[in-house]
Amino acid sequence: MTVPTRIYLTGFMGSGKSTLGRRLADRLGYDFVDLDRHIERAVGSTVQAIFADQGEEAFRRLEAEHLRTVSRADRVVIALGGGAVTREDNLRFAKEQGRLIYLRMTPRHLADRLETRAASRPMLHEQGHPLSGAALRKRIAALLAQRESFYEQADIVLDVEMEPVDNNVSAAMKALEKQGGK
């Protein structure tokens, strides 16, 4: 079995990048890195606090820097933040360094998953308060529409909302084996 030495997972927040990433890494015997958690440990602050204190642009700079740091490792699965690949340099970098997998879900399904977690997601706030209901669905649809063209440039696109995680891991393995190493 030939699979790439670095596998990057992209998709909207709540699409399952961390859950699928951990299981995929376990299946491959690879390490797993959640880029947002890595940044939080490195700077001693939450993503939410970085957004609030320094703004999105400062966070995106940290994200690009730490993406390059964690990509020095081999045999690793890296779950990217939902906005990471909206920066062309990050998108290009991930595709050059390994295989990029987009975990695709519909806005409705994402909203169902994120309804109870919007408080910890800065992009799902308005005027300092988490969105819910129709306002949350509208924000997710708008953000997804802005990001979809970046996500769709991934090497592999998996529709993940209707399948159990283990089935999605198997689908990812099959697609990676088909494409081979990088």
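Since every read-out is calculated from the coordinates, none of them should be taken as a lab result. These figures come from a predicted structure and were not determined experimentally. FYI the Cβ positions are ideal-geometry reconstructions off the backbone, even for glycines, and counts take in every protein chain you see.
Label point 7 Å out from Asn167 along Cα-to-Cβ: which residues of the stretch 12-40 have amide N under 17 Å?
Residues 16, 20 qualify, since their backbone N sits under 17 Å from the label point.
Return one number: the angle in degrees, 0 to 90 and rounded to the nearest 10, between the long axis of the Cα atoms of helix 88-97 and the longest principal axis of the Cα atoms of the chain.
Around 20 degrees separate the two axes.
Just to be sure I understand: with springs between alpha-carbon atoms less than 10 Å apart, which residue in Ala134, Ala94, Ala154 has the highest mean-square fluctuation in the Gaussian network model of the chain?
Ala134
Which length gain, in nm to one decimal place, applies between Thr5 and Asp31 when the Cα-Cα distance is subtracted from 0.36 nm times their residue separation?
Numbers: separation 26, 0.36 × 26 = 9.36 nm, distance 1.05 nm.
Gain on stretching Thr5 to Asp31: 8.3 nm.
Among Gln146, Gln48, Gln127, which one shows the highest mean-square fluctuation when the chain is modelled as a Gaussian network with alpha-carbon springs under 10 Å?
Top of the fluctuation ranking is Gln127.
Assuming 0.36 nm per residue, please report the length gained on full extension of the stretch Ala64 to His129 beyond their Cα-Cα distance. Intermediate values should be presented prior to the final figure.
On the way: separation 65, 0.36 × 65 = 23.40 nm, distance 2.71 nm.
Fully extending the segment from Ala64 to His129 adds 20.7 nm.
For the chain, take the alpha-carbon Rg, divide it by the Kirkwood Rh, and send me Rg/Rh.
Values: Rg = 15.7 Å, Rh = 16.5 Å.
Across the chain, the Cα-based Rg/Rh ratio is 0.95.
To the nearest 0.05, how large is the calculated FRET efficiency for Ala142 and Ala73 if R₀ is 30 Å and r is the Cβ-Cβ distance? Mind dumping the intermediate values first?
Numbers: r = 35 Å, r/R0 = 1.16.
The formula returns an efficiency of 0.30 here.
To check you understand DSSP bridge types, tell me what percent of the beta bridges within the chain (both residues inside) are antiparallel, rounded to 5.
Numbers: 2 of 18 bridges.
So the antiparallel bridges in the chain amount to around 10 percent.
In nm, to one decimal, how far is the modelled label at Thr106 from the one at Gln179, with both set 7 Å along Cα→Cβ?
Placing both labels 7 Å along Cα→Cβ, they lie 2.6 nm apart.
Calculate the dipole size of the stretch 6-161 relative to its Cα centre from +1 charges on Lys and Arg beta carbons and -1 charges on Asp and Glu beta carbons; express the result in debye to the nearest 20. Intermediate results must be reported in sequence, preceding the final value.
Values: 25 positive and 22 negative charges, 56 e Å.
Taking the Cα centre of the stretch 6-161 as origin, the dipole is about 280 debye.
Put a dot 7 Å past each Cα toward the Cβ at Thr116 and Glu88; how far apart are the dots in nm?
Label-label distance for Glu88 and Thr116, simple model: 4.2 nm.
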